[in-house]
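Participant: Below is a structure I'd like to ask you about.
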Amino acid sequence: MVTIWTPDLSPFNGPKYLALADAIAAAIASGELVVGAKLPPQRQLADRLKVTVGTVTRAYDEGRRRGQLEARVGSGTYVKGPDQPVPIVPAGGPLALDGAMAPLGPQAQMMSEAMQSLAKDSHCLYQCLPYPQDNGLGHQRQAFLRWLNDAQGLPVSDEQLLLTCGGQHGISVTLEALCEVGDTVLCEGMSFPGIRMACERQGLKAVGLAMDSEGLVPEALEAACRQYRPRVLYLTANLQNPSCVTMPKARRQAIVALCRRFDVWVVEDDVQFVDPANKPPAFFSLAPDITVFISSFSKRYSGSLRVGFLLFDAKLRQRLLFCLRASVWTVSSWQLELVSRWLSDGQMQRLETWLSEEMRARRRLCERILGPGLLQGDASSFNCWLALPEPWRANDFARAALEMGVKLRTGEDYAIGRFAPPQGVRLSISQPASHALLEEALTAVKKLLDDGPGLSQAIL
Ligand SMILES: Cc1ncc(COP(=O)(O)O)c(C=O)c1O
């Protein structure tokens, strides 16, 4: 005999049909009725509950109105799945190439599924409610540690991990832990503006150093170490922002040797999305005792997710934890829960594979429109650096592009201190919501490259 799902209506008040609709909602929330489950035929349920068929019909109608049920013609009534996600157009205008953000693909569906599975996991819901005792819940930290070891090649102990509210938060907390007001922070001459802001805010002097085709120049670092006696070197060795250079291993080793010699901490920012196949060894792997490694999920998932992490030598833990507590007390358990589920069930890995393929396709589009070999950055990078041909100057190029409706960034936007950036622009090819919009933007860039700057204006 087939068992008919028969709810107990006694806890629910009001008219019978509403009590039944509420009972259905409660069964969905508790996981008793799962997505795709078929509800009993109306007459059978009416008989079991000793109500009229009209009452059950009204209850099912109410469930449909609430978006929880769907009627399939000739088949019956079912528990409804999530709506198909509608791709969101990122802010910044249709031809914006000025902000590095993850292209949107499976993220909304991932969020929908993770939230639904969390909604049914009452044990975890209650675990996430109070202040966490530590930095994240135990099972969340374990999920991060496993992922760092298995997928990232960064085996660390629990003592060497702190979870943060994203990469920028990691930068601020690290500087606060390592520096005193008035200290000097050395950076690549062009660097992520968030480091400039964090230094300004904390009364630190940011100094920009020379860069070449392999990244930060060791001789410039040595000279600055002698001149400024810096506390920290902040750098982005993978797909440097904005030059998109990835520093080779030998250069990293030379820089580590200098930092040891002059007693300088390395703060390694690895927030950019980088295809794992294209990563040289991290500074944190080469010199774990003097490096703080910063990363986040903003470029792996989306900037809405404020989850990141720091890796460091265990001797720094108390100081970093103190600064983290002083800034946000703790990271939201809910966000950590979503991320740790994706790390454990392979969803994050699948998303990274999708991102990598999507960016490779975008990069092929760039090569087709602009021509081969013009852009700096590996095959899956969100940003590309375009060194401008003579006689273009970067500011003129950016202005002319804007007149054609395309926003992009110049090296000047990233200059640290008085550093004189090269004449180039950064194109965030991950940003347009579709390949068609990217193509439109690139076509305008190509036209400017072909036409040249034209005649100079007379200026008195
Ligand atoms: C190099 C670098 N570090 C840090 C950040 C900030 O990361 P988050 O969004 O996780 O705070 C960015 C954002 O663009 C970045 O480019």
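Nothing in this text is a laboratory measurement; each read-out follows from the coordinates by a stated rule. Just so we're clear, the structure is a prediction, and the values are computed from it rather than from any experiment. Glycine also receives a Cβ, built like all others from the backbone with ideal geometry; neighbour counts cover every protein chain displayed.
Participant: Which lysines, on any chain, are close to K407 with Cα under 18 Å apart, when same-chain ones fewer than 8 places away are left out?
Facilitator: Reachable lysines: K446, K447.
Participant: Between beta-carbons, use under 12 Å as the cut-off and find the net charge around P242, counting Lys and Arg +1, Asp and Glu -1.
Facilitator: Details: positive: R409, R426; negative: D98, E188, E412, D413.
The answer is -2.
Participant: At a Cα cut-off below 25 Å, give the lysines reachable from K80, other chains included and same-chain residues fewer than 8 away excluded.
Facilitator: K16, K38, K120
Participant: Going by the alpha-carbon gyration tensor, a ≥ b ≥ c the square roots of its eigenvalues, is the range 6-143 rounded (a/c under 1.5) or, if a/c is not under 1.5, prolate (a/b greater than b/c) versus oblate? Write down the numbers at each step before the final one.
Facilitator: Working: a/c = 3.09, a/b = 1.61, b/c = 1.92.
Verdict is oblate for the range 6-143.
Participant: What do you get for trypsin sites (Lys or Arg not before Pro) in the range 204-234 restricted to DSSP loop and a cutoff of at most 13 other Cβ within 10 Å of the site's Cβ?
Facilitator: On the way: sites: K205, R226, R231; in loops: R231.
Passing sites in the range 204-234 do not exist.
Participant: Let me ask another. Mind sorting E403, E62 by how few other Cβ atoms lie within 10 Å of their own Cβ, fewest first?
Facilitator: Values: E403 10, E62 18.
Least to most surrounded, the residues fall as E403, E62.
Participant: Using the alpha-carbon atoms, what tilt in degrees (0 to 90, nearest 10) does helix 218-228 show relative to the longest principal axis of the chain?
Facilitator: Orientation of helix 218-228: about 80 degrees from the principal axis.
Participant: Straight-line reach from K249: which lysines have Cα under 16 Å away, leaving out those fewer than 8 places along the same chain?
Facilitator: By straight Cα distance, K249 reaches K279.
Participant: Ok, one more. Under Stokes-Einstein, with the Kirkwood radius over Cα pairs standing in for Rh, what whole-number D in µm²/s applies to the range 16-79 at 25 °C and 0.890 mPa s?
Facilitator: Values: Rh = 11.6 Å.
Answer, rounded: 212 µm²/s.
Participant: Next up: Whole-Hz Karplus ³J(HN,Hα) for the range 162-177, in order, using 6.51 cos²θ - 1.76 cosθ + 1.60 and θ = phi - 60°, x for Gly and Pro?
Facilitator: So the J values, rounded to whole Hz, are 10, 8, 10, 8, x, x, 4, 4, x, 4, 4, 4, 5, 4, 5, 6.
Participant: Using the count of nearby Cβ atoms within 10 Å as a rough guide to exposure, how do K299, K249, K407, K50 rank from fewest to most?
Facilitator: On the way: K299 22, K249 11, K407 17, K50 8.
Lowest count first: K50, K249, K407, K299.
Participant: Which value, in debye to the nearest 20, gives the size of the charge dipole of the range 95-158 about its Cα centre, when Lys and Arg are +1 and Asp and Glu are -1 at the Cβ? Intermediate results must be reported in sequence, preceding the final value.
Facilitator: Details: 3 positive and 6 negative charges, 23 e Å.
The calculated dipole for the range 95-158 is roughly 100 debye.
Participant: Can you give the local net charge around V425? Use residues other than it whose beta-carbon is closer than 15 angstrom to its beta-carbon, Lys and Arg +1, Asp and Glu -1. Spell out each step's value before the answer.
Facilitator: Details: positive: R393, R399, K407, R409, R426, K446, K447; negative: D98, E390, D396, E403, E412, D413.
So the surrounding residues net to +1.
Participant: Could you give the size of the charge dipole of the range 132-346 about its Cα centre, using +1 on the Cβ of each K and R and -1 on the Cβ of each D and E, expressed in debye and rounded to the nearest 20?
Facilitator: Numbers: 22 positive and 22 negative charges, 33 e Å.
My answer is approximately 160 debye.
Participant: Also, quick follow-up: Indicate, rounded to the nearest 5 percent, the antiparallel portion of the DSSP beta bridges found entirely in the chain.
Facilitator: Details: 25 of 42 bridges.
Antiparallel bridges: around 60 percent, rounded to the nearest 5.
Participant: Sticking with this structure for a sec: When the dipole is taken about the Cα centre of the chain, and only Lys, Arg (+1) and Asp, Glu (-1) are charged at their Cβ, what size is it in debye, to the nearest 20?
Facilitator: Numbers: 48 positive and 47 negative charges, 155 e Å.
That gives a dipole near 740 debye.
Participant: With both partners inside the range 132-346, how many of the DSSP beta bridges are antiparallel, as a percent to the nearest 5? Walk me through the numbers before you get to the answer.
Facilitator: Numbers: 10 of 26 bridges.
Among the beta bridges of the range 132-346, antiparallel pairing accounts for roughly 40 percent.
Participant: Along the charge dipole of the chain, Cβ charges K/R +1 and D/E -1, which of P15, A441, L148 sits furthest on the positive end?
Facilitator: P15
Participant: Estimate the FRET efficiency between D313 and L449 by the formula 1/(1 + (r/R0)^6), using the beta-carbon distance for r and 45 Å for R0, to the nearest 0.05. Before the final figure, lay out each step's value.
Facilitator: Values: r = 47 Å, r/R0 = 1.05.
So the FRET efficiency works out to roughly 0.45.
Participant: Same structure again: Would you kindly derive the ³J(HN,Hα) couplings of the range 123-138 from the backbone phi angles with the Karplus curve 6.51 cos²θ - 1.76 cosθ + 1.60 (θ = phi - 60°), listing them in order in whole Hz, with x for Gly and Pro?
Facilitator: In residue order, the calculated couplings are 4, 5, 4, 6, 5, 7, 5, x, 4, x, 5, 10, 7, x, 7, x Hz.
Participant: Specify which residue in the list G36, L402, L163 is farthest towards the positive end of the charge dipole of the chain, using unit charges on the beta carbon of Lys, Arg (+1) and Asp, Glu (-1), about the Cα centre.
Facilitator: About the Cα centre, the residue reaching furthest to the positive side is G36.
Participant: Taking θ as phi - 60°, what are the ³J(HN,Hα) couplings along the range 410-427 by the Karplus curve (6.51, -1.76, 1.60), each to the nearest whole Hz, with x for Gly and Pro?
Facilitator: With coefficients 6.51, -1.76 and 1.60, one gets 9, x, 4, 4, 10, 5, 9, x, 9, 4, 9, x, x, 7, x, 10, 9, 10 Hz.
Participant: Per DSSP H run of at least 4 residues, take -39500 (n - 2.57); add these up for the chain, divide by its residues and hand me the 222 nm value, nearest 500 deg cm²/dmol. Could the numbers behind the result be given before it?
Facilitator: Numbers: 16 runs with 196 residues, N = 460.
Value at 222 nm, helices only: -13500 deg cm²/dmol.
Participant: Please give the contour-minus-distance gain from D263 to L321: 0.36 nm per residue of separation, less the Cα-Cα distance, rounded to one decimal in nm. Intermediate results must be reported in sequence, preceding the final value.
Facilitator: On the way: separation 58, 0.36 × 58 = 20.88 nm, distance 2.26 nm.
Result for the pair: 18.6 nm of gain on full extension.
Participant: Let me ask something else. Please arrange S356, S122 by counting, for each residue, the other beta carbons lying within 10 Å of its beta carbon, fewest first. Working shown, then result.
Facilitator: On the way: S356 18, S122 12.
Lowest count first: S122, S356.
Participant: A further question follows. Could you work out how much longer the chain between Q116 and M404 gets when fully extended? Use 0.36 nm per residue separation minus the Cα distance between them, nm to one decimal. Working shown, then result.
Facilitator: Numbers: separation 288, 0.36 × 288 = 103.68 nm, distance 4.40 nm.
Going from the current span to full extension adds 99.3 nm.
Participant: Which angle from 0 to 90°, rounded to the nearest 10, does the C-alpha axis of helix 53-65 make with the longest principal axis of the chain?
Facilitator: For 53-65 against the chain, the angle is about 10 degrees.
Participant: In whole Å, how far is the Cα centre of the range 234-313 from that of the range 1-61?
Facilitator: 56 Å
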